[in-house]
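Just below is one structure, and these are the notes that go with it.
The values are calculated or read from the model by the stated rules, or taken from the named source; none is laboratory data. Not measured: the values here are computed from a predicted model. Using ideal geometry, Cβ is built from the backbone for each residue, glycine included, and neighbour counts are taken over all protein chains shown. Keep in mind that these areas ignore ligands, DNA and RNA; they rest on the heavy atoms of the full protein, side chains included. Shrake-Rupley method; radii C 1.70, N 1.55, O 1.52, S 1.80 Å.
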Amino acid sequence: MTFQRIVIALLALIVAGLGAIGYFEWKRAVQVRTLKAFVEGYVFNEAVLACEQAKSSTPFKWNGGKSTSVIGLNSVKLDKYNVSASYTLVADGVYCDYDPIKRKAEIGSSFLERE
């Protein structure tokens, strides 16, 4: 009888622990989504302006585009200490990657052609 009570108590503790971990993961995910949305909103106007002014054989027309979409803020870890961020926009099949740190835009006509 004592063994059954111990097993039930351990199972209850495991379930409570998993529930607490799930709650904190959910709370952290909400905070990260909020922060990402804030950063994307802050960078959006700069990205559109830089992409429209970037020199390229394929023009990037966000304001006059028929089909526009935001891919969003992405990051790539180059090495142990460096992270490269880019904000990607698509207008009429033309991709533009904007680097918010360098404030520089690069245009590519196809997703496969991009680096």
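Of the listed requirements (1) more than 12 Å from the chain's Cα centre (by Cα); (2) over 25 Å from residue 108 (Cβ atoms); (3) at pLDDT below 85, residue 19 misses just one: (3). Scoring residue 89 on the criteria (1) touching a strand residue (DSSP E or B) at 6+ places or on another chain (Cβ under 6 Å); (2) open to solvent by 60 Å² or more (accessible area, probe 1.4 Å) leaves a single failure, condition (2). Being under 15 Å from residue 65 (Cα atoms) and of a type outside the set (A, V, I, L, M) is the filter here; which residues of the stretch 89-109 pass it? Within the stretch 89-109, 92, 93, 95, 96, 109 qualify. Comparison of 37, 29 shows that the only residue that is farther than 28 Å from residue 93 by Cα and either within 17 Å of the chain's Cα centre (by Cα) or not polar (S, T, N, Q) (or both) is 29.
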